[in-house]
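The values are calculated or read from the model by the stated rules, or taken from the named source; none is laboratory data. Since the structure is predicted, the reported quantities are computational estimates derived from the model, not experimental observations. Note that we place each Cβ from the backbone using ideal geometry, even for glycine, and neighbour counts take in every protein chain shown. Keep in mind that these areas ignore ligands, DNA and RNA; they rest on the heavy atoms of the full protein, side chains included. Shrake-Rupley method; radii C 1.70, N 1.55, O 1.52, S 1.80 Å.
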Amino acid sequence: MAVSSGVLALQGDFQKHVSALEACGVRAREVRTPGELEACGRLIIPGGESTTLGILLQKSGLDKAICGRAEQGMPVWGTCMGLILMAREIEGGDQFRLGLLDITVDRNAFGPQVNSFEADVQIKGLDEPFHAVFIRSPAVTRLGEGVEALAGVCRKVVAVRQGSLLGTAFHPELTCDRRMHAMFLEMPTDDRR
Ligand code: GLN
């Protein structure tokens, strides 16, 4: 049986990720409960509002379920808010986070919502630049051991990988370029699925 790719659907722009995954030819599933996560071989945490999602993750029990699966090697990709929630440390804040990636993030590194922007970004592993949309995006300000910087903009790190964990400060689901989704889908799932 083909394994589903999950998109965390408690809050934020999850629907765009579902469509992007389907455009890549895989079965996508919205995830709102630990039971729904069980049926998935990988998970995307979309953009949204990280303080709100932190509360919803704890209420649903998905915080522990996601961390448990990530420990077993399930690929997880956080975009924008997802990157913030995957970080071990958030500058100047003690809000809830999953702490999966050994990084520190500056939550609004590029300023407020009105300073949102688009840029062509060179990403390690992709031949041509990627047109990236940044909406009140974070940046990575510390990289732990084993964390690789994949891309930078304005001298700030905006994409990282640590084993089967991927984080991007921008929103690849908002353009028609599916190369980042394809990169994520190439990561092997944990053995159980
Ligand atoms: N900066 C936002 C936050 O802290 C994330 C913005 C986004 O996901 N577009 O949650």
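Quick notes on this one:
- Filter pass, A9 being within 16 Å of the ligand (Cβ to nearest atom) and farther than 19 Å from Q72 by Cα: yes
- Of all positions in segment 69-83, at least one carries a residue that is on the phi > 0 side of the Ramachandran plot, within 12 Å of the ligand (Cβ to nearest atom) and not charged (D, E, K, R).
- Cβ-Cβ contacts under 8 Å between residues 6 or more apart (or on different chains), taken from a first residue in segment 81-94 that is within 19 Å of G146 (Cβ to Cβ) and touching a residue at least 12 places away in the same chain (Cβ under 8 Å) to a second residue that is surrounded by fewer than 16 Cβ atoms within 10 Å (Cβ to Cβ) and of a type in the set (K, R), are listed as E89/R142.
- The residues in segment 101-121 that are over 18 Å from G48 (Cβ atoms), in contact with a Phe, Trp or Tyr (Cβ under 8 Å, 6 or more places away or on another chain) and either open to solvent by 60 Å² or more (accessible area, probe 1.4 Å) or among the small types (G, A, S) (or both) can be counted, and the count is 3.
- Among the residues making up segment 145-191, those that are touching a Lys or Arg at 6+ places or on another chain (Cβ under 9 Å), open to solvent by 10 Å² or more (accessible area, probe 1.4 Å) and not hydrophobic (A, V, I, L, M, F, W, C) are E148, R161, S164, H171, T189.
- Only one entry in I66, I44 is within 18 Å of H181 (Cα to Cα) and in contact with a Leu (Cβ under 9 Å, 6 or more places away or on another chain), namely I44.
- Within segment 6-45, the residues that satisfy the criterion of being among the basic types (K, R) and either crowded, with 17+ Cβ neighbours inside 10 Å or more than 16 Å from L185 (Cβ to Cβ) (or both) are K16, R29, R32, R42.
- Any pair with Cβ under 7 angstrom, 6 or more apart, that starts in segment 46-66 at a residue that is open to solvent by 10 Å² or more (accessible area, probe 1.4 Å) and ends at one that is within 16 Å of the ligand (Cβ to nearest atom) and among the acidic types (D, E): G48/D13
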